[in-house]
1. Evaluate the following for Ile36: is it at pLDDT 90 or above and either within 36 Å of the chain's Cα centre (by Cα) or more than 16 Å from the ligand (Cβ to nearest atom) (or both)?
2. Among the residues of the range 1-26, write down those that are under 12 Å from Ser38 (Cα atoms), part of a loop (DSSP other than H, G, I, E, B) and among the aliphatic types (A, V, I, L, M).
3. Please go through the range 17-33 and give me each residue that is exposed (fewer than 13 other Cβ atoms within 10 Å of the Cβ) and charged (D, E, K, R), ordered by number.
4. Provide a single number: the residues in the range 1-38 that are without any contact (Cβ under 8 Å) to a residue 12 or more places away in the chain, among the small types (Gly, Ala, Ser) and in contact with a strand residue (DSSP E or B) (Cβ under 6 Å, 6 or more places away or on another chain).
5. What's the number of the condition Ile32 fails, among (1) part of a strand (DSSP E or B); (2) under 30 Å from Lys95 (Cα atoms)?
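The values are calculated or read from the model by the stated rules, or taken from the named source; none is laboratory data. Computed from a predicted structure; not experimentally measured. Note that we place each Cβ from the backbone using ideal geometry, even for glycine, and neighbour counts take in every protein chain shown.
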Amino acid sequence: MKKDIHPKYYANATATCACGAVFAVGSTEEKIDVEICSQCHPFYTGTDKVLDAAGRVEKFKSRVAAARPVKNKKEVKAEKRAHRRAPATVKKIAKKK
Ligand SMILES: [Zn+2]
């Protein structure tokens, strides 16, 4: 290692989680505060909790529910064909509606 360019290394730094768990880790910081760790993260605990304060998940779900279903190709083709075959006056009337 080159001299005087590396920060001090703490081989037994303490990482404290918001849930109360304390870990010994290697770090350049002596004490670390974390919001989530392997003791409380849903991925590790298996509990499915949603950290959602602004209601974004509900918003997304409602948008998905409101989205119109995708038409299949046959329907789209039939619609286009019907529109193409209609005389100009019918098209005008259809546009006004
Ligand atoms: Zn934790």
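1. So Ile36 passes the test.
2. Selection gives Ala18, Ala21.
3. Answer for the range 17-33, where residues must be exposed (fewer than 13 other Cβ atoms within 10 Å of the Cβ) and charged (D, E, K, R): Glu30, Lys31, Asp33.
4. 0
5. (2)
Conditions (1) among the aromatic types (Phe, Trp, Tyr); (2) modelled with pLDDT under 75; (3) more than 15 Å from the chain's Cα centre (by Cα), marked per residue:
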{"residue": "Gly46", "(1), (2), (3)": "no, no, yes"}
{"residue": "Leu51", "(1), (2), (3)": "no, yes, no"}
{"residue": "Glu75", "(1), (2), (3)": "no, no, yes"}
{"residue": "Ala86", "(1), (2), (3)": "no, yes, yes"}
{"residue": "Ile93", "(1), (2), (3)": "no, yes, yes"}
